[in-house]
Amino acid sequence: MADPKRPNSPTADYDGPPDYRVIGRHGVFPQTSHDEIERINFLAQMNRHLAARVVPGVKAAYKARVAPAFAAAHGRPIGNRHEARKAMLGDQAFCTWSALRRMTMEQRQQAGRWTAIRQREGLNARASALTHGDDRLTLNPDLAIPRYVSAVDHHCMPGSYHTEYAPGDVTNGANYDHAGFVTTGGLLGKYSDGGGHAVVQWVKKNVPDFAPRRILEFGGTVGHSSLPLAQAFPEAELTIVDLGAPMLRYGLARAKSLGVNNVRFVQASAEDLTGLFEDGSFDWVQTTMFLHELSTRALRNIFGESRRLLRPGGIVLHVEQPQYAPDMPLFEQAMRDWDAFYNNEPFWSRMHEMDLDAEMVRAGFERDRIIHGGVYGVVDRELFPDAAQDDTEDYGRKAAWHVIGAVA
Amino acid sequence: MSFNDALKEAGAKPAGKRPYFLEPQVERVLAITMTLAQELAVARQRSDTLERLLKAKGILAEEEIDSFTPDAHASAERQMWNQEFIARILRIVQQENEAALVADEVASGEMPDEAVPGA
């Protein structure tokens, strides 16, 4: 049944992701045939089905079978999330859900890559026409891709963010952009930018006098979460730093065709930006759903760079899925850990148990100037389900995040 | 060029060893089945699109498909298509059942050579 509190259902009885055709397109967005669109619609519905109709069965099995069996075998209850996950690996409900969830991600990558690769030359030409000779794109072909990115392709995306298949290639940017809808089901909005709008809304509410002129986003990929910052502060210049050239080329082409011009894209490792940017040269450093992709060493280096690059009184904000707190049930922790073990997010588990406050202090921020908050994805409610009102729990995927940050 | 690139690369393996949750043979068949389910959904939506376009253009009237009654010839063709379709996808069941009735069947690799007369 439809929830009468939700004003956004396309029809009264429908409760689920919108048709992919409402997605926002731009100058470098891949063409999508009827069947390619329906493939994405199907896969978004698969994720919806798994979260809404299958996960409750996994939870029931944990309570009815997994936890009692563990207690009977060990003479004590399950003690941590790793024990919970390993115990569930012996249960058919968890294994069937896991197999289907993994396959859905693999199918999503194949579907998106098919669309991007079949028109690769055309996409590359469109990106080139939009970015050629533009000094807002700075690439570094000699940049070494660190092992924490290259060894395991994040969320099963072949070639990850950095692989190039041809000169001037944007294939992986186009795949990442146009088919991400499968995972979010539209919860991040028409331009997949609900995370960025959420950050802007949070900043305007909590730091109303903040008037940044120089904003830096680490790991901004194609600019989904970054462009709203540039749009909200038109007097500012936003710089996006990322390792992946296909993301950056695609990102600038996308930004320009969407009419966002106060943004630049720089290929570099955010672990070390000396030589590119001077100490204290930014008012705001932002990351959005980025920290979980970093090794501990990289995370510490990046926190250190954020501290170095902020002017006194400048703000760093990191937006992430919630940390594992002692009051989070072990079942939920284990389910949230799924991406770490089975969806190629190798640092997800470790990062979500880190004491991020301590890491901020280690990076040189003062403990009493650390910021905590919470945000939901902000989307067009006429077309999309609203994360704040959606009680479907797809552990680790829901557009409900924590903010950790600091004032320098 | 791009079509062949897509054939080769769209289903590429991501870096990182794949986890298995079920028996590998079962997981493989389930993966194939889920992709077939996806393609069935795509075909169903395409047919729905076609119906809606035909209706919008006034070529097809509302309820015309649901009230459609094939004549005897068309009916036979359609039912035969159903039979053929089922026979194709359930081939392995047919073959396993036939095998159960064969008493001493030999595997190809275990087929003994024929004795050469006079040797």
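Here the contact order of chain A, divided by its residue count and restricted to Cα pairs under 8 Å and six or more residues apart, works out to 20 percent.
To the nearest 20 debye, what charge dipole does the protein assembly as shown have about its Cα centre, counting +1 at the Cβ of each Lys and Arg and -1 at the Cβ of each Asp and Glu?
Here the size comes out at about 1260 debye.
Helix-only arithmetic for the protein assembly as shown: the sum of -39500 (n - 2.57) across DSSP H runs with n ≥ 4, divided by the residue total, places the mean residue ellipticity at 222 nm at -13500 deg cm²/dmol.
Using only atoms on other chains, find how many Cβ atoms lie within 10 Å of each Cβ of peptide A:110-120 and report the average.
Working: counts 7, 5, 1, 6, 6, 2, 4, 10, 8, 3, 5.
Other-chain Cβ atoms within 10 Å of each residue's Cβ, averaged: 5.
Spatial offset of the stretch A:76-96 relative to the stretch B:12-70 amounts to 34 Å, using the alpha carbon center of each. Computed over chain A with a Gaussian network model linking Cα atoms closer than 10 Å, the most mobile of A:Gly186, A:Gly220, A:Gly16 is A:Gly16. With the cut-off at under 17 Å, measuring from each backbone N in the stretch B:34-74 to a point 7 Å along the Cα-to-Cβ line of A:Ser33 picks out B:36, B:38-50. With loop membership from DSSP and a limit of 16 other Cβ atoms within 10 Å, the longest segment of chain A without chymotrypsin sites (Phe, Trp or Tyr not before Pro) is A:211-408. Mean-square fluctuations from a GNM of chain A, with a 10 angstrom spring cutoff on Cα atoms, peak among A:Arg85, A:Arg76, A:Arg336 at A:Arg76. Over the stretch A:310-352, accessible surface divided per residue gives 28 Å², non-protein components excluded, 1.4 Å probe. The alpha-carbon atoms of the stretch B:1-101, seen along their principal axes, cover 54, 49, 29 angstrom, with the largest extent given first.
The stretch A:209-237 and the stretch A:277-355 have Cα centres separated by 19 Å. Mind telling me which of B:Val26, B:Val106, B:Val93 comes out most flexible in a GNM of chain B, alpha-carbon contacts under 10 Å? Residue with maximal mean-square fluctuation among B:Val26, B:Val106, B:Val93: B:Val106.
With contacts taken as Cα pairs under 8 Å and at least 6 residues apart, the stretch A:1-157 reaches a relative contact order of 24 percent.
Computed on the Cα atoms alone, the convex hull of the protein assembly as shown gives a volume of 257 cubic angstrom per residue.
Once the Cβ-Cβ distance between A:Glu235 and B:Phe68 is put in as r, and R0 is 56 Å, what FRET efficiency do you end up with, to the nearest 0.05?
Numbers: r = 64 Å, r/R0 = 1.14.
For R0 = 56 Å, the calculated efficiency reads 0.30.
For the stretch A:216-320, relative contact order (Cα pairs under 8 Å, six or more residues apart, normalised by length) works out to 28 percent.
Around the amide H of A:Ile240, modelled in the peptide plane, lie the amide H atoms of A:Glu217, A:Arg264, A:Phe265, A:Val266, all under 5 Å away and 5 or more residues distant in sequence or on another chain.
The values are calculated or read from the model by the stated rules, or taken from the named source; none is laboratory data. Keep in mind that what you see is a predicted model, and the values were worked out from it rather than measured. All Cβ positions, even for glycine, are placed from backbone atoms using ideal geometry, and neighbour counts span all protein chains on display. Side chains included, ligands, DNA and RNA excluded: accessible areas come from the protein's heavy atoms. Shrake-Rupley method; radii C 1.70, N 1.55, O 1.52, S 1.80 Å.
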